[in-house]
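Asks: Have a look at this one.
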Amino acid sequence: MQGHPHITRRTLLGGSLALAGAAATGCAIPVGLGSSQTRVQYWHFLGASDGIIMNQMVKAFATRNPGIFVEENVLAWGEPYYTKIAMAGSGGRSPDLATFHLARLAGIGAGAILDPFNVKLLEEAGLRAADFSPPIWERAHLDGVLYAIPFDAHPMVQYYNTDICGKAGLLGSDGKLLPTKGPDELLAMLRKAKEVMGGKPPLAFDALGLGTVGPWRVWYSLYPQSGGTLLSDDGTQITIDDAKALQALRLMAQLGEEGLCDWRTDYGASVANFTNGQAAFLWNGDWETTGLKERKTPFSMTRFPSVFGTGAAQADCHAFVLPHQRDRDPEVERATYRFIADIVKNSADWAVAGHVPAYLPALEKPEYLALQPQSEYRSVITEVALDPQVWFAGSASRLWILFGEAFSPVISGQRTPEEGLAAAKASLTRLLSAPNPFPAQER
């Protein structure tokens, strides 16, 4: 295991530009292929600091495994990426390996677009089911078949400005944020921060804007804490508990009504407000860590507040998948599994960007525990609130966007919690009635 990558401003900006160029053209990042090497073609969508760290990890693997050449191809994030995966998989002429969002698994045609993993080959490479976060490992299966190898979780977390929180008396003797339990303690914390900020909203998250998903991510952190579910296990019936759903929405409405959050901020404005000291707290995914350090914001991080029971937090996961190939070369296949195992086992290096390794042994590595504040919220890995296994879920999906549209007006006071829930359930009903582009019989 090498030490975690050292990222400077020069390497971050320079690497981001290089990766952005590669993503724009769909080009491979050249490393150099020797005639005796086994080539593994790897597609991913990782850019900025994520992309830099992955490239460093690929190079470290090459040093440890000179007989294997991993050809990195960086493609555009979002729908264009999944469209390319679907097109390549349907033709059976795919890369050997791809990065994926785990919540997208049910919507990509596993068995048709993606191939299942060979558990024996995984064990040969040194990966066992018992070494992964149980809920995430379970989510990597469809109909009992393993279609993904989890790499991380990127959950909703609570960033906090240490200067503002110190002035508000919200830090313990160790300099860390005092934990809150339940809605009353959370609201009291926010009111103290608001007071020392001269009445400005102390909490930032993306609450407004075209295609905003922030309201969904906040609600789907709060609602599952009370045990609430969205759909039945088979993904065919709505199982929303109205009382629990409204409990979460009423809290979100109260945040806006009391001026404890600024309902007018979109994603960029929410991050900017926190970065510039205009907010004491930021509710967001863990991926803003590197940027905040780069801009020298006085901050730390902790788990999303436990408000309605458990400490659940909305999350998605990066994972490795095998896009469908008509015929896999056995030598390349084994090299692919060796690469996956190496990257997963060294995922403490990956955690520099803020993500929590799904591989449990990595969470105990000294180099991971030394990462601050990244290691502060590692315990959430077994309490992540993952999307239901349906084709319309996952990062940047219609589910996220439609629920965001339903709940954003609740935060601003333009819609009651009851109206917001009704709108969300109506959208979910429409999604359930829409045709699945990858029906079960095609798997």
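Asks: Give me the percent of DSSP beta bridges within the chain that run antiparallel, rounded to the nearest 5.
Replies: Expressed as a percentage, antiparallel bridges in the chain total about 65.
Asks: Per residue, what accessible area does the chain have, given a 1.4 Å probe and all protein chains present, in Å²?
Replies: Details: 17620 Å² over 443 residues.
It amounts to 40 Å² per residue over the chain.
Asks: Once the Cβ-Cβ distance between Asp184 and Ala112 is put in as r, and R0 is 35 Å, what FRET efficiency do you end up with, to the nearest 0.05?
Replies: Numbers: r = 50 Å, r/R0 = 1.44.
Efficiency, from the Cβ-Cβ distance: 0.10.
Asks: Applying 1/(1 + (r/R0)^6) with R0 = 30 Å to the Cβ-Cβ distance of Thr63 and Glu364, what FRET efficiency is obtained, to the nearest 0.05?
Replies: On the way: r = 24 Å, r/R0 = 0.82.
FRET efficiency, Thr63 to Glu364: 0.75.
Asks: Per the Kirkwood formula on distinct C-alpha pairs, the Rh of the stretch 348-443 is how many angstrom? Walk me through the numbers before you get to the answer.
Replies: Details: mean 1/r = 0.0603 Å⁻¹.
In the stretch 348-443 this quantity evaluates to 16.6 Å.
Asks: Quick one: with all protein chains in place, what share of the accessible area of the stretch 204-345 is carbon or sulfur, to the nearest percent (1.4 Å probe)?
Replies: Looking at the stretch 204-345 in its full context, I get 48 percent from C and S.
Asks: How large is the helix-only mean residue ellipticity at 222 nm for the chain, computed as the sum of -39500 (n - 2.57) over DSSP H runs with n ≥ 4, divided by its residue count, in deg cm²/dmol to the nearest 500?
Replies: Working: 16 runs with 177 residues, N = 443.
The helix-only estimate for the chain comes to -12000 deg cm²/dmol at 222 nm.
Asks: Now for a separate question. Fully extended, how many nm does the chain gain between Glu138 and Asp163 (0.36 nm per residue separation, minus their Cα-Cα distance)? Intermediate results must be reported in sequence, preceding the final value.
Replies: On the way: separation 25, 0.36 × 25 = 9.00 nm, distance 4.06 nm.
Going from the current span to full extension adds 4.9 nm.
Asks: May I pose another question? What percentage of the solvent-accessible surface of the stretch 353-443, computed with a 1.4 Å probe over protein heavy atoms, is contributed by carbon and sulfur atoms? Write down the numbers at each step before the final one.
Replies: On the way: 1970 of 3670 Å².
That fraction is 54 percent.
Asks: So, one more: Using alpha carbons only, how many degrees (0 to 90, rounded to 10) separate the axis of helix 330-345 from the longest principal axis of the chain?
Replies: The two axes meet at around 30 degrees.
Asks: Something else: Work out how much length Lys293 to Glu331 would gain on full extension: take 0.36 nm times their residue separation and subtract the Cα-Cα distance, in nm to one decimal.
Replies: Details: separation 38, 0.36 × 38 = 13.68 nm, distance 4.21 nm.
Once the chain is fully extended between Lys293 and Glu331, it gains 9.5 nm.
Asks: Let me ask something else. I'd like the orientation of helix 48-64 relative to the chain: the angle between its Cα long axis and the longest Cα principal axis, in ° from 0 to 90, rounded to 10.
Replies: 30 degrees
The values are calculated or read from the model by the stated rules, or taken from the named source; none is laboratory data. From a predicted model like this one, the values you see are computed outputs, not experimental measurements. Virtual Cβ from ideal backbone geometry, glycine too; neighbours counted across all protein chains shown. In case anyone asks, the SASA skips ligands and DNA or RNA and just uses the protein heavy atoms, side chains included. Shrake-Rupley method; radii C 1.70, N 1.55, O 1.52, S 1.80 Å.
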